[in-house]
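First comes the structure, then the notes that go with it.
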Amino acid sequence: MKKLFLIGKSLKHSISPFIHNKILSELGIDAVYSNFELSDFVKLKEFVEMVRKDKDVVGFNITIPYKEDILEFCDEVSEDVRIIEAANTVKKENGKLLAYNTDWIGFKKSLEDIGVDVKDKKILVLGSGGAAKACIYGLYRMGAKEIFVTNRTYEKAESIKDLFEDILKIIPVEWLKKYDFKYDIIINTTSVGMFPNIENSPFDIENYGASIPVFVYDIIYNPLKTTFLKEAEIKGIKTGNGLKMLVYQAVEAEKIWFGGIDITSNLIAEILNECERKVAKVE
Ligand code: NAP
């Protein structure tokens, strides 16, 4: 039986094994996907050595905090990974480790699914970690007009400016309280508000004085409705959570590992429904 893994820290509540194993069994692929907790960088190195030796390993996904660290162990990176400087998917091919990023595609497909057009829009992105870079790349590819990025650690946001210089502006986090700039869309890519700290919000949308955005997106999917989204809904703003992004990035990873497979929209809808039920139980 072929093997696939999710590597990262704190994977206990991850629903990725459910999503991937459902796809594998529905498509009749003889493979199993499991979590592989790695406590530190040394363990990451050992994991990569194991993967190179084990002929049954097809590939793996990467989550917090190794999406950037993994690149030094890969033999080749896709064009997207070169720009985003982070990978969430690795495929083993002819003994080589090839790095891909499907987060940005998951993000893009989720927006298309929700029916939000970012073309020519002014967008505020909260956070500048690995997921932020993938989202910003997606926004860039979809034709956003201006992207404002703010982050708790200003220097980290500054460091991504060069990746997308022409449309990216970095603003200090204090400015969010001081000035009411108008944005068409606000996207949270930080982990603020994620289970179990569900009372927290990354942005005071309740007291946001400028004319309200048309859409607010939180890429967190646990809980399905973060405090940020709840407060936005009270103001009548259309919202979206990160579950679709999660499922679509998984679908894209499966296509990379097992080229030529057809994952139908019916199967995707079924997975989304089951994931919603699973997350609601954890909340
Ligand atoms: P990351 O690289 O570790 O970045 C975390 C980001 O959150 C940084 O910008 C960090 O700011 C900010 N942050 C963390 N704690 C904070 C706090 N207490 N106050 C203010 N800012 C804080 O992680 P990531 O990979 O980008 O993931 C971020 C979130 O996205 C996670 O919740 C993850 O589950 C979610 N995600 C969802 C999907 C999906 O498919 N839906 C995919 C990927 C990630 P500093 O730079 O100041 O530390």
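The values are calculated or read from the model by the stated rules, or taken from the named source; none is laboratory data. Computed from a predicted model, the values in this text were never measured in an experiment. Quick reminder, even Gly has a Cβ in these numbers, built from the backbone with ideal geometry, and neighbours come from all protein chains shown.
For this structure, a couple of remarks:
- Within the set 177, 121, the sole residue that is in contact (Cβ under 8 Å) with a residue 60 or more places away in the chain, away from the ligand (no atom under 12 Å from the Cβ) and more than 16 Å from the chain's Cα centre (by Cα) turns out to be 121.
- Taken as a whole, the condition of being surrounded by 15 or more Cβ atoms within 10 Å (Cβ to Cβ) and not aliphatic (A, V, I, L, M) applies to residue 130.
Quick grid of which residues meet (1) out of contact with any Gly (no Cβ under 7 Å at 6 or more places or on another chain); (2) under 19 Å from residue 216 (Cα atoms):
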{"residue": "239", "(1), (2)": "yes, yes"}
{"residue": "243", "(1), (2)": "yes, yes"}
{"residue": "246", "(1), (2)": "no, yes"}
{"residue": "251", "(1), (2)": "yes, no"}
{"residue": "263", "(1), (2)": "yes, no"}
{"residue": "267", "(1), (2)": "yes, no"}
{"residue": "271", "(1), (2)": "yes, no"}
{"residue": "281", "(1), (2)": "yes, no"}
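- Test for residue 212: is it more than 23 Å from residue 4 (Cβ to Cβ), within 13 Å of the ligand (Cβ to nearest atom) and of a type in the set (Val, Ile, Thr): no
- Among the residues of region 47-76, the one identified as in contact with a Phe, Trp or Tyr (Cβ under 8 Å, 6 or more places away or on another chain) and free of Cβ contacts under 8 Å to residues at least 40 places away in the same chain is 69.
- Residues of region 145-158 satisfying the condition of being surrounded by fewer than 23 Cβ atoms within 10 Å (Cβ to Cβ) and more than 9 Å from the ligand (Cβ to nearest atom): 145, 146, 148, 150, 158
- Every residue from region 47-64 that is over 18 Å from residue 95 (Cβ atoms), outside any strand (DSSP E or B) and at pLDDT 95 or above: 63
- Any hit, region 83-104, residues being in contact (Cβ under 8 Å) with a residue 24 or more places away in the chain, part of a loop (DSSP other than H, G, I, E, B), among the charged types (D, E, K, R) and more than 10 Å from the ligand (Cβ to nearest atom): yes
- Considered as a group, the residues in region 184-210 that are touching an Asp or Glu at 6+ places or on another chain (Cβ under 9 Å) and of a type in the set (Ser, Thr, Tyr) include one that is surrounded by the most Cβ atoms within 10 Å (Cβ to Cβ), and that residue is 189.
- Residue check, residue 229 more than 16 Å from the chain's Cα centre (by Cα) and within 16 Å of the ligand (Cβ to nearest atom): yes
- Filter pass, residue 265 being surrounded by fewer than 17 Cβ atoms within 10 Å (Cβ to Cβ), small (Gly, Ala, Ser), within 11 Å of the ligand (Cβ to nearest atom) and closer than 24 Å to residue 102 by Cβ: no
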